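Take a look at the structure set out below.
The values are calculated or read from the model by the stated rules, or taken from the named source; none is laboratory data. Worth saying up front: this structure is predicted, and the values here are computed from it rather than measured. Using ideal geometry, Cβ is built from the backbone for each residue, glycine included, and neighbour counts are taken over all protein chains shown.
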């Protein structure tokens, strides 16, 4: 444990949690993948932390590696006429993404404004509000497969989203 590691309380919305054994900031997709693979290789417990909402950490800290997902970015991809398709980094704050789409006049997730957390967590919880769910706007996602250690793509229909 280093004295420079912030307490998890500084990284979570409810402001509780002690200092983790190791904190690894992941500012890029490659850094994120490398951090997970390194923690796995070392056989230590690890935790992915995005925006820190829906996260309750012990004041004793975490006996392992906390990988703080800080990737940012929104990229517009090719899409059929009348459609918008975006590639969004996992660490992009969800509400920033909603604000970006609203500023551009795009609809589909505007009712999901104000939901805390990161974009990467949105499909995990299939966030929804006021008749909209992320499931209806999501085309698919990329993730690190824990078994193969490869980054893979899954289409929405294969994600098993729902309540």
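Of all the residues in the range 117-158, those that are in contact with a helix residue (DSSP H, G or I) (Cβ under 7 Å, 6 or more places away or on another chain) and not in a strand (DSSP E or B) number 14.
Quick grid of which residues meet (1) within 19 Å of residue 91 (Cα to Cα); (2) in a loop (DSSP other than H, G, I, E, B); (3) in contact (Cβ under 8 Å) with a residue 40 or more places away in the chain; (4) not assigned by TED's automatic domain parsing to the domain that holds residue 143:
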residue	(1), (2), (3), (4)
13	yes, yes, yes, yes
16	no, yes, yes, yes
20	no, yes, yes, yes
24	yes, no, yes, yes
30	yes, no, no, yes
35	yes, no, no, yes
40	no, no, yes, yes
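Only one entry in 57, 90, 99, 79 is assigned to a loop (DSSP other than H, G, I, E, B), surrounded by 12 or more Cβ atoms within 10 Å (Cβ to Cβ) and outside the structural domain of residue 14 (by TED's automatic domain parsing), namely 90.
So that you can scan it fast, the table gives a plain yes or no per residue for (1) within 16 Å of residue 88 (Cα to Cα); (2) without any contact (Cβ under 8 Å) to a residue 12 or more places away in the chain; (3) surrounded by fewer than 16 Cβ atoms within 10 Å (Cβ to Cβ):
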residue	(1), (2), (3)
108	yes, no, yes
114	no, no, yes
122	yes, no, no
139	yes, no, yes
151	yes, no, yes
154	yes, no, yes
157	no, yes, yes
160	no, yes, yes
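The lone criterion from (1) under 18 Å from residue 74 (Cβ atoms); (2) more than 15 Å from the chain's Cα centre (by Cα); (3) part of a helix (DSSP H, G or I) left unmet by residue 108 is number (3). What residue, among those in the range 140-160 that are over 21 Å from residue 34 (Cα atoms) and under 16 Å from the mean Cα position of the chain (by Cα), is modelled with the highest pLDDT? Of everything passing the filter in the range 140-160, 140 is modelled with the highest pLDDT.
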